[in-house]
Amino acid sequence: MIEELKEEEIVNKVGGRFKLSTLIQKRMIALNQGARPLIDGRGLDKISMVIQEIMQDKIYLDMSGNLLTNEPTEDYEADGGTVDLTQSAE
């Protein structure tokens, strides 16, 4: 088991076990559909990358349950805004 999931810190960081589960699921879907990792994940499996993105405050759920990031992507201006990672960038 991934050590971070045994700790309450990650659960408290996202606001509960349900939100954590939802965040992990949505980010795994995005990665499986071709989204780029927000961390240097060489040598990590996808679930470990997602956990590290959460621990490093790279991804979060908004109040509507949408997966968002504070990281700018090449498709968006680096204006400090957020990006909905569940939507296509068309």
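Residues L23, L44, sorted by accessible area with the largest first, give L44, L23 [1.4 Å probe; ligands and nucleic acids excluded]. Within the full protein context, the accessible area of E4 is estimated at about 60 Å² for a probe radius of 1.4 Å. Extension gain for Q33 to K19 (0.36 nm times residue separation, less C-alpha to C-alpha distance): 2.9 nm. Solvent exposure of E3, expressed as accessible area, is near 110 Å², computed with a probe of 1.4 Å over the protein chains only. If you take all other residues with their beta carbon under 14 Å from the beta carbon of V14, and give Lys and Arg +1 and Asp and Glu -1, the sum is -1. Judged by the gyration tensor of its Cα atoms, with axes a ≥ b ≥ c, region 1-45 is oblate; a/c meets the 1.5 cut and b/c is at least as large as a/b.
The values are calculated or read from the model by the stated rules, or taken from the named source; none is laboratory data. Everything quoted here is computed from the prediction, not taken from an experiment. No Cβ is skipped: glycine too gets one built from the backbone with ideal geometry, and neighbour counts run over all protein chains shown. Accessible surface is based on the protein model in full, side chains and every heavy atom, while ligands, DNA and RNA are left aside. Shrake-Rupley method; radii C 1.70, N 1.55, O 1.52, S 1.80 Å.
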